[in-house]
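Heads up: the structure comes next, in structure tokens.
The values are calculated or read from the model by the stated rules, or taken from the named source; none is laboratory data. In this text, all values refer to a predicted model and were calculated from it rather than measured experimentally. Note: ideal-geometry Cβ built from the backbone for every residue, glycine included; neighbour counts use all protein chains shown.
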Amino acid sequence: MAKLKVKKADTKSVTISQALNELKLLDKKITKKVRNGNFIGVQVSGKARHNFEADSAKANLQSVNDLIERREMVRGKINASNQSTKIIVAGKKYTVASAIVTKDTMNYKASLLSQLQRDYSNAVSTVDMLNEEVQEGLEAQLKGIEDKSKIADFSKNYMSLRKPELADPNGLKDFIEALETEIDEFTNEVDYVLSTSNATTTIDI
């Protein structure tokens, strides 16, 4: 494949926000030019059919290539800046790049939190329901005991064998509270901090 010439343009200083906006525009331009571009035609006896113009086809391909190269350069400069620019979110230091990754991670943590909350609530409800059943069973048994002095020991033994409890090796209540705080504090700040950083950090493109 023939190597196309890459244009060299004068650089200018822009904010990351401006660079991100340019990326969106470049995406639209590239998609449109690829979809609508006329890059090759047919000729008969040296004459092009359907008003095909070789110079226009070459210019179309060069234009698309220039846009792709521009996009790669801008994206690369943004990525490099994100790797080195430091921010603080919820009292913790991040690079912009790591904060963006953590935003994705928080989606998974939020999904985990929802499931843990459901599981914990269901388990507590089940324990409460079983406790009621055990208590009812105990009361029924106590009615048949004539020697009231035996009630306390019988009740203790009865409950020790039947009383339901949470099987919670993870200490889920505390874990849920800590996870909820982590997610809330990060998500409440991250977008504002990133927007501020993008609006004030500059790169040369």
Legend entry - Residues of the range 137-168 that turn out to be hydroxyl-bearing (Ser, Thr, Tyr) and over 30 Å from SER121 (Cα atoms), as a count: 1
Inset, instruction - Could you check ILE87 against (1) surrounded by 14 or more Cβ atoms within 10 Å (Cβ to Cβ); (2) in a helix (DSSP H, G or I); (3) touching a residue at least 24 places away in the same chain (Cβ under 8 Å) and say which number it fails? - result: (2)
Legend entry - Checklist (1) free of Cβ contacts under 8 Å to residues at least 60 places away in the same chain; (2) more than 20 Å from the chain's Cα centre (by Cα) applied to TYR192, failing item: (2)
Inset, instruction - Determine which single condition SER56 fails, assuming it passes every other condition in (1) outside any helix (DSSP H, G or I); (2) at pLDDT below 95. - result: (1)
Inset, instruction - With the condition kept exactly as written, say whether any residue in the range 161-184 is more than 36 Å from the chain's Cα centre (by Cα), more than 30 Å from MET106 (Cβ to Cβ) and assigned to a helix (DSSP H, G or I). - result: yes
Inset, instruction - Determine which member of the set LYS33, LYS58, LYS12, LYS29 is of a type in the set (D, E, K, R) and touching a strand residue (DSSP E or B) at 6+ places or on another chain (Cβ under 8 Å). - result: LYS12
Inset, instruction - Could you tell me whether the range 135-144 includes any residue that is in contact (Cβ under 8 Å) with a residue 12 or more places away in the chain, closer than 30 Å to ASP184 by Cβ and aliphatic (A, V, I, L, M)? - result: no
Legend entry - Filter pass, ALA110 being in contact (Cβ under 8 Å) with a residue 40 or more places away in the chain, under 21 Å from the mean Cα position of the chain (by Cα) and in the same structural domain as SER155 (by TED's automatic domain parsing): yes
